[in-house]
1. Which one is farthest from Leu214 (Cα to Cα) among residues in the stretch 76-85 that are more than 14 Å from the ligand (Cβ to nearest atom) and open to solvent by less than 90 Å² (accessible area, probe 1.4 Å)?
2. Tally the residues that are open to solvent by less than 30 Å² (accessible area, probe 1.4 Å), acidic (Asp, Glu) and not in a helix (DSSP H, G or I), restricting the search to the stretch 371-405.
3. Between residues in the stretch 468-479 that are in contact (Cβ under 8 Å) with a residue 60 or more places away in the chain and residues that are small (Gly, Ala, Ser) and crowded, with 18+ Cβ neighbours inside 10 Å, which pairs lie under 7 Å by C-beta distance while being six or more apart or on different chains?
4. Please specify each residue of the stretch 177-208 satisfying the condition of being more than 11 Å from the ligand (Cβ to nearest atom) and not in a loop (DSSP other than H, G, I, E, B).
5. Determine whether Val245 is aliphatic (A, V, I, L, M), out of contact with any Lys or Arg (no Cβ under 6 Å at 6 or more places or on another chain), more than 16 Å from the ligand (Cβ to nearest atom) and in contact (Cβ under 8 Å) with a residue 60 or more places away in the chain.
6. Given (1) touching a strand residue (DSSP E or B) at 6+ places or on another chain (Cβ under 6 Å); (2) closer than 23 Å to Met175 by Cα; (3) part of a loop (DSSP other than H, G, I, E, B), identify the lone condition not met by Val361.
7. For the stretch 428-468: of the residues being open to solvent by less than 50 Å² (accessible area, probe 1.4 Å) and not in a helix (DSSP H, G or I), which is modelled with the highest pLDDT?
8. Residues in the stretch 164-181: is at least one at pLDDT 95 or above, under 26 Å from Thr545 (Cα atoms) and open to solvent by 10 Å² or more (accessible area, probe 1.4 Å)?
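The values are calculated or read from the model by the stated rules, or taken from the named source; none is laboratory data. What you are looking at is a predicted structure, and each value in this text was computed from that prediction instead of being measured. Here the Cβ is made from the backbone with ideal geometry for all residues, glycine too, and neighbour counts use every protein chain on show. To get the accessible areas, we keep the full protein, side chains included, count just its heavy atoms, and leave off ligands, DNA and RNA. Shrake-Rupley method; radii C 1.70, N 1.55, O 1.52, S 1.80 Å.
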Amino acid sequence: MAAPSCINLTSLARALSQPTLNLNDSPTRSIPLSKCRRRKLSICNSTESSEPSPIAPEAQVLVINTGGTIGMTLHDQVLAPKANAFVESLRKLPNLHDEYYAQQSGLYDYYGSENILVLPLSEEKKRIVYTIMEYSPLLDSSNMTTEDWGKIGKDIEENYENYDGFVILHGTDTMAYTASALSFMCEHLGKPIIVTGSQVPIYEMRNDGRANLLGALLIAGHFVIPEVCLYFYNNLYRGNRSTKVDAGSFKAFSSPNLAPLACAEVDIIINWDTVWRANTTAKFHVSPEMNRNVGLLRLFPGITSATMKAFLQPPMEGVVLETYGSGNCPDNRPRLLAVLKKATNDGVIIINCTQCLRGTVSASYATGKVLMDAGLIAGGDMTPEAALSKLSYVLAKKDITLDAKKKMMARNLRGEMSGNLAGAKLCLSDSRFIQVIAKSLSISCKEELEAIRDALTPPLACAAAKIGDIEALEALKEMGSNLFLADYDGRTPLHVAACEGHLKAVKYLLSHGATVYAKDRYGDTPLCNAVRFRHKEVVKLLRKTGAHFSRDKLEEAGNELCSLAVSGDMEGLEIWSLAGADLNQPGYNGQSAILMAEAAGLLEMVAFLHQLKNKSEGIEFIAAPTGQ
Ligand SMILES: NC(=O)C[C@H](N)C(=O)O
């Protein structure tokens, strides 16, 4: 991302003559966990010098290929998905796979060679390693059902801890429905899930598939955007805000009521103010059940009450009624209105959504108010795709009453509808704090104000987190600052609070948008930091929120556990175990901590390790996902 330039930080620092927080107080640095790798990562860059390049951090992305035009070929003059051909063709595309790096770095020995690919080194000096999981059969998205959505959700859940992000390859025809459905199914999401595809197969000379896949992979591997998104033609949209608007253009999607979350032009610019966050200390969970007794009905002049009645017959449980303009329907058709009223009285949930591409429903007309009187729920500015999949998700909930389901439908669950303006977030550039600085630096343009905000707020928030000052965090939050943004070293306030063991600050940050998956420049997460500085309660809270070690870190943990066991450090072992380390993990000599302690004759330690192992297994059992 390019930071807008022309900001003189020296004058900026001088302008801050009376800082509330001590800016000289540098944020806590973590000691990186051992950098020993089982794979040799220090290799030459294939295209440049013969000097070994420094170790590039890697991000892991799982690509689930469900089908769609992106992987289709022509058979008898029509396009249909082609099985088992996608990975091999990607291997031949240098901007989507670096074969030299894959071989030299031992990638294939480590993960197996079948479905693994790796992007060339990114501008941010990162490698995106991606695995392709191909569904069988591959589907044209017109053939997809709610069961297919559930399967994608379950596969994401099963693989959640092994990857930094997910890309779903999908046909464009029903992509907006799937993206919407996944956004509801994925509860307390903390990692990016990006749905993409193409209008022209990747095998054609001129196609949009390569750029769409590359863009989605780069975003999924570089940014912790904890949302189900849809990436198409250089734009990243919120999945449940998008809709297919063009059957014959590469710019096939639009998000009429919400600006894109990111634009990938010369630089990839993320609109962090718009990114939706779970604000939770609960663990990621997928609810794959969907109710199929739902439907979409578009109102049209002359629709008969008999048609309406037939549509609302049992087993129908939920309907999205696409109405005119700002949510209107004829108010001079008592029989039609009586049919609607009877259905809502009988327990059918009916959502009022507009047929217009852009805008929201409101009760500003008599023709709109009659629908509220008939018991319809206002769908705000939801797309029909989002409203339908939300209904399907909400109606599948077993342990809540009909009334609670209606309330859920009216509430904004995943950023699918706009809230009221009274709750709108103050923009930091509107704040007095930034205005004072801007004035003393004689700057006024929007880009400069944003640059000040981006340069100043992460270190300020980190400094507040270091001393556990929730009031200061609150003040920054009120100024419109994003508490999840990282400083120049990729360190977020959550990293710093975790290092210092400020449990309350950790809790506060987690409930205000911080992510447990943020990695600093050393690849360390807040969980790594809390373990390193032995803050047991923070470790527990982060684990509860879904934090986990990456595969690399889990393997590195073997050495650490062995050395802790041999040095008799029970407290250290307990923390590692609480953080999810496997006590059987072998160290560099192939021996586990228990075997090392046995060999050294440390009987008390051996007993302790066995006890710890049993306890951790018991904890895993109790902490099995329970849903929302
Ligand atoms: N462009 C596409 O992917 C269209 C295709 N029919 C599908 O939805 O699977």
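1. Filtering first and then ranking leaves Ala83.
2. Looking only at that region, the number is 1.
3. Ala472/Ala464
4. Residues satisfying the conditions are Ala179, Ser180, Ala181, Leu182, Ser183, Phe184, Met185, Cys186, Glu187, Ile193, Ile194, Val195.
5. Details: aliphatic (A, V, I, L, M): yes; out of contact with any Lys or Arg (no Cβ under 6 Å at 6 or more places or on another chain): yes; more than 16 Å from the ligand (Cβ to nearest atom): no; in contact (Cβ under 8 Å) with a residue 60 or more places away in the chain: yes.
It is false that Val245 is aliphatic (A, V, I, L, M), out of contact with any Lys or Arg (no Cβ under 6 Å at 6 or more places or on another chain), more than 16 Å from the ligand (Cβ to nearest atom) and in contact (Cβ under 8 Å) with a residue 60 or more places away in the chain.
6. The one condition Val361 does not meet is (2).
7. Start the filter on the stretch 428-468 by keeping residues that are open to solvent by less than 50 Å² (accessible area, probe 1.4 Å), which leaves 428-429, 431, 434, 437-438, 441, 443, 448-449, 451-453, 455-465, 468.
Narrowing further to those that are not in a helix (DSSP H, G or I): 431, 441, 443, 468.
Details: Ser431: 60, Leu441: 74, Ile443: 69, Gly468: 94.
The qualifying residue modelled with the highest pLDDT is Gly468.
8. Yes, that holds for at least one residue.
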